[in-house]
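Every read-out reported here was derived from the displayed coordinates using simple, explicitly stated rules and does not represent laboratory data. Computed from a predicted model, the values in this text were never measured in an experiment. Cβ coordinates were reconstructed from backbone atoms using ideal geometry, including for glycine residues, and neighbour counts include every protein chain displayed.
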Amino acid sequence: MLPLARAGFAALALILFAGPVVAQPEAASILYVVVPFGEPGDTDPQLSLATQNMTQDLSDRSIRSALATPIDAVEAVSNAPQMCSEFNAGGVLVSQLRFEQSKERNLTGFIPVVGGVISSSGAFDASPIRARVKLYLIDCRGKVAWKTVTTANKVHHGQNVAAGLTEIASQAIASAVDEFAARRYQQSSAPR
């Protein structure tokens, strides 16, 4: 046989008798376990709503997720291998939400509260509030594979401070999820 023909038969034999090629999962098919905001037993409605927003934002960006039972963040990191196995996941998303208020003090006798200040006459004045979200991707070995910190700010007016907190929490969460989605996109489009 000619050397070229022999090489062709060898390549055909290799294809026919070799084991199946295992494709790497597409980035869009990877499932991530979401650890709810807050501590186990937390009943804060802001944290429950933040968890719902996180899972919805992930879904809106075609990122598959499963919600874990509430667990302490440190435990989530150490239990990442078990959680990945249980959910057949590619990682665990652990997040933290904090609210802050401007540290400026009004010297006219106002008392600072979250979302504003209340004067001695009971009038409510606006002041800046901030939501800070920390989002961590923990790989299935329990190591931090990626992290981001996002914030959203608002000068809230009125007495319904919870509405202002919900608004800025949603903005900060959406920014964190956008950064996570961009990270995944950059990984999947990188040359191999």
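Which of the peptides 145-156, 171-182, 82-93 is most tightly packed, and how do the rest follow, going by the mean number of other Cβ atoms within 10 Å of each residue?
171-182, 82-93, 145-156
Measure off 7 Å from each Cα along the Cα-to-Cβ vector at A163 and T69, then give the distance between these two points in nanometres to one decimal.
Here the answer is 3.8 nm between the modelled labels.
Roughly what would the spin-label model give for E86 and V155, points 7 Å off Cα along C-beta, in nm?
Each label point lies 7 Å from its Cα, and together they span 4.7 nm.
Would you mind counting up the charge near V149? Only other residues with Cβ under 15 Å from its Cβ, with Lys and Arg at +1 and Asp and Glu at -1. Show your work: numbers first, answer last.
Values: positive: R98, R130, R132, K134, K147, R183; negative: E100, D178, E179.
Its environment carries a net charge of +3.
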